[in-house]
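This report concerns only the one structure given below.
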């Protein structure tokens, strides 16, 4: 015949439960504070994607310097306007900018987002988004 063991039943609230609750609260807070920043970055990627088709890599190579500069400025201004519509603003350290990469192969945006917290220092995030120009 087998002997019966008398196992203690776990308490409903113990140190492991507390640890898991703290982790869940930290994940929820990070999602609440940083989720909108990454959603905004995704929307900036969409704006850059939308405007990169206005001027292809081959078009830029064929244009003379004056027309190339004019067309590039048009794309940059439209992209900046779209970013302003998203609520992105200039900061003192990193002004909001949109520019073409070397050899006109990428369209890039650089801006800074400041995430404030109820205590301590704010988190400063410098975003550098890049899309390939066709």
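The values are calculated or read from the model by the stated rules, or taken from the named source; none is laboratory data. On a predicted model such as this, the values are computed, not experimentally measured, just so you know. Quick reminder, even Gly has a Cβ in these numbers, built from the backbone with ideal geometry, and neighbours come from all protein chains shown.
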I'm checking my understanding of the structure. Among residues of region 112-122 that are assigned to a strand (DSSP E or B) and in contact (Cβ under 8 Å) with a residue 40 or more places away in the chain, which one is nearest to residue 43 (Cα to Cα)?
113
Using beta carbons and a limit of 7 Å, which pairs, at least six apart or on different chains, have the first residue in region 71-94 and without any contact (Cβ under 8 Å) to a residue 40 or more places away in the chain and the second one in a helix (DSSP H, G or I) and surrounded by 13 or more Cβ atoms within 10 Å (Cβ to Cβ)?
75/51; 78/51; 79/47; 79/48; 79/51; 82/47; 83/44; 83/47
Test: residue 76 is touching a strand residue (DSSP E or B) at 6+ places or on another chain (Cβ under 9 Å) and either exposed (fewer than 14 other Cβ atoms within 10 Å of the Cβ) or modelled with pLDDT under 95 (or both):
yes
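Mind listing just one residue for me: the one in region 29-72 that is out of contact with any helix residue (DSSP H, G or I) (no Cβ under 8 Å at 6 or more places or on another chain) and within 15 Å of residue 108 (Cβ to Cβ) and, of those, surrounded by the most Cβ atoms within 10 Å (Cβ to Cβ)? Walk me through how you get there before you give the answer.
Within region 29-72, the first condition is being out of contact with any helix residue (DSSP H, G or I) (no Cβ under 8 Å at 6 or more places or on another chain), and the residues that meet it are 29-43, 45-46, 49, 53, 56, 58, 62, 64-67, 69-70.
Checking which are within 15 Å of residue 108 (Cβ to Cβ) leaves us with 41, 45-46, 49.
Working: 41: 19, 45: 14, 46: 13, 49: 12.
Filtering region 29-72 for residues that are out of contact with any helix residue (DSSP H, G or I) (no Cβ under 8 Å at 6 or more places or on another chain) and within 15 Å of residue 108 (Cβ to Cβ), the one surrounded by the most Cβ atoms within 10 Å (Cβ to Cβ) comes out as 41.
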Since residue 16 meets every condition but one in (1) free of Cβ contacts under 8 Å to residues at least 12 places away in the same chain; (2) assigned to a helix (DSSP H, G or I); (3) surrounded by 10 or more Cβ atoms within 10 Å (Cβ to Cβ), which condition does it not meet?
(3)
